[in-house]
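I have placed the structure first, in the form of structure tokens, so that the comments after it can refer back to it.
The values are calculated or read from the model by the stated rules, or taken from the named source; none is laboratory data. All figures in this text were calculated on a predicted structure; none of them were measured in a lab. Backbone-built Cβ (ideal geometry, glycine too); neighbour counts: all protein chains shown. The accessibility values were calculated without ligands, DNA or RNA, using every heavy atom of the protein model including side chains. Shrake-Rupley method; radii C 1.70, N 1.55, O 1.52, S 1.80 Å.
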Amino acid sequence: MYAQIISDENGATLVSISTLSGELREGANQKSATVAAAKEVGNLIAKKCLEKGISQVVFDRNGFLYHGRVRALAEAAREAGLQF
């Protein structure tokens with residue numbers, strides 16, 4: 001599971017996190033393709049955005065249905081303070 005915050009104005013990636021990132025792999029005994037892992041990605045990307053002063057983003061599912069892991073990531077990011 002990957003999540004990125006990209007500036008359309010600059011064409012640059014501002015924040016990026018995935019289940020393969022060091023922050024999530026440390027001490028993680030869970031598989032990376034689960035709803036629980038997607039929630040962790042959502043929490044962490046929201047925290048990193050808020051640290052950089054980004055509070056509002058546009059959520060692009062890239063064609064994926066809004067259920068399962070995609071939904072878990074989005075809901076976790078909202079709960080952590082990110083606005084869509």
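Quick one: count up the residues across the range 55-77 that are of a type in the set (Gly, Ala, Ser) and open to solvent by 30 Å² or more (accessible area, probe 1.4 Å).
To start, the set of residues in the range 55-77 that are of a type in the set (Gly, Ala, Ser) comprises 55, 63, 68, 72, 74, 76-77.
This time we only want the ones that are open to solvent by 30 Å² or more (accessible area, probe 1.4 Å), so: 55, 63, 68.
Total satisfying the criteria: 3.
List the pairs whose first member sits in the range 48-74 and is hydroxyl-bearing (Ser, Thr, Tyr), whose second member is open to solvent by less than 100 Å² (accessible area, probe 1.4 Å) and at pLDDT 95 or above, and whose Cβ atoms are under 8 Å apart, counting only residues at least 6 apart or on separate chains?
SER55/CYS49; SER55/GLY81; SER55/LEU82; TYR66/ALA74
Tell me, yes or no, whether the range 44-59 has at least one residue that is of a type in the set (A, V, I, L, M, F, W, C) and over 15 Å from LEU82 (Cα atoms). Lay out the reasoning, then the answer.
Going through the range 44-59, the residues of a type in the set (A, V, I, L, M, F, W, C) turn out to be 44-46, 49-50, 54, 57-59.
From the residues that got through so far, the ones that are over 15 Å from LEU82 (Cα atoms) too are none.
There is no residue in the range 44-59 that is of a type in the set (A, V, I, L, M, F, W, C) and over 15 Å from LEU82 (Cα atoms).
Listed here are the residues, each with its yes/no results for (1) surrounded by 12 or more Cβ atoms within 10 Å (Cβ to Cβ); (2) among the β-branched types (Val, Ile, Thr).
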{"residue": "GLY11", "(1), (2)": "no, no"}
{"residue": "VAL15", "(1), (2)": "yes, yes"}
{"residue": "GLY22", "(1), (2)": "no, no"}
{"residue": "SER32", "(1), (2)": "yes, no"}
{"residue": "LYS39", "(1), (2)": "yes, no"}
{"residue": "GLY53", "(1), (2)": "no, no"}
